[in-house]
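The values are calculated or read from the model by the stated rules, or taken from the named source; none is laboratory data. Only a predicted model underlies this, so the values are computations on that prediction, with no experimental measurement involved. All Cβ positions, glycine included, derive from the backbone under ideal geometry; neighbour counts span all protein chains shown. Accessible surface is based on the protein model in full, side chains and every heavy atom, while ligands, DNA and RNA are left aside. Shrake-Rupley method; radii C 1.70, N 1.55, O 1.52, S 1.80 Å.
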Amino acid sequence: MSENGPVQTRSPVLTVRRVDAYHAITVVAPQIAERFRSGQFLSVGVGGEHSSMLLRRPFAIHDVKPDYGGTVEFLFAVRGAGTAWLAERRSRDLIDIVGPLGRPFPLPRDPVNCVLVGGGSGAAPLFPLAHALRRRGCRVDFVLGAASADRVFSAISARRIAETATFTTDDGSFGVRGRVTDALERVVADARSDVVYACGPMPMLGRVAAAAARMDIPVQVAVEEDMACGTGLCMSCVVPVVGEDGITRMARACLDGPVFRGERVRFDDVGTIPFDALGAPGWKARADEQGATGAADREAGCA
């Protein structure tokens, strides 16, 4: 592996702690901490060496610190046998991890005003991003949402890092009742924001991308997709993304992402292969039609 590429390591657990409705595990992983950029993730083996749970689990990196040569923290909610096993880990247990993986968030060259939008535990990668943006002189405002108060991640840290922090919950138990997009346009207007960064469930990202398009400001999204391998081999995490040439391709969230330009992700078609995507059954017919049209235009002197 290259000096800047991912590494695989059996890392000792430093701490396991509860953060409201979530668990956070910190491992000693100097090589991963050194290579990390905001938005990247880990692929974690679960169940131990003799487990029948063969697939690894992807987790966004929430924090890195220089302690013990370099530590990495990731956050998760218990949703099945794999995450239940992780929640039972204790200090000095070894965990097999690969990272850092994926494309990080692009950082602006000059100081700009940035709104960071997160949903539930999906907000975790926005915190190292916020620190990176602040180091570049950028203004940072948070909009964080969740189903209920116990699932709004790290509200205290958000208030400490950002110029402002706005919170929404579906049930109204914390902050404003509603969705993050209900508050987003007001925050953008008040902060005179230049760019939106977002991470969370795919339906939320679709709404945030649509809101950013209406406001005519760029948006970077870190998508949440199931990733069996985390390295681009299995093709289980593909999402339809429009390229610079206008052609839709099935991009691998783990390798080509997880960060994409929000306006290029076809959120309405996530979970499907659009008929006009490169390589789809409808692609050949569309390409043939375009070729025939081009030939006719050339014959008529239009091309």
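Overview of results
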read-out	value
Probe 1.4 Å - accessible area at Val242, Å² to nearest ten	40 Å²
Rounded to whole Hz, the Karplus (6.51, -1.76, 1.60) HN-Hα couplings of the range 145-156, x for glycine and proline	x, 6, 5, 8, 4, 6, 9, 7, 7, 6, 4, 5
Within the chain: Cβ-based charge dipole about Cα centre, in debye rounded to nearest 20 (Lys, Arg +1; Asp, Glu -1)	860 debye
In Hz, Karplus ³J(HN,Hα) per residue of the range 259-267 (6.51, -1.76, 1.60; θ = phi - 60°; x = Gly, Pro)	8, 9, 5, x, 6, 9, 7, 8, 4
Sites Arg109 and Thr164, calculated FRET efficiency, Cβ-Cβ separation with R0 25 Å, nearest 0.05	0.55
Relative compactness, the range 113-222, computed as alpha-carbon Rg over 2.2 N^0.38 Å	0.93
Efficiency of FRET between Leu54 and Arg92 - r from beta-carbon atoms, R0 25 angstrom, step 0.05	0.50
Amide H contacts under 5 Å for Val46, placed H, 5+ residues apart	Arg57
Those residues of the range 243-262 whose amide nitrogen sits under 15 Å from the label point placed on Asp269, 7 Å along Cα→Cβ	243-252
Under the Karplus curve 6.51 cos²θ - 1.76 cosθ + 1.60, θ = phi - 60°, whole-Hz ³J(HN,Hα) for the range 74-90, x wherever Gly or Pro sits	10, 10, 7, 10, 6, 10, x, 5, x, 6, 5, 4, 4, 5, 8, 5, 10
Long-range HN-HN contacts of His62 with modeled amide H, under 5 Å	Glu73, Phe74, Leu75
Expected 222 nm ellipticity per residue - DSSP helices of 4 or more, -39500 (n - 2.57), all of the chain, to 500	-7500 deg cm²/dmol
Under 5 Å, built H, 5+ apart or other chain: amide partners of Thr15	Thr26
Gyration tensor (Cα) of the range 88-177, equivalent ellipsoid semi-axes in angstrom	24, 22, 11
The range 168-200: trypsin sites (Lys or Arg not before Pro) in DSSP loop, at most 12 other beta carbons within 10 Å	Arg192
Heavy atoms of Met215 accessible to a 1.4 Å probe, total area in Å² rounded to 10	50 Å²
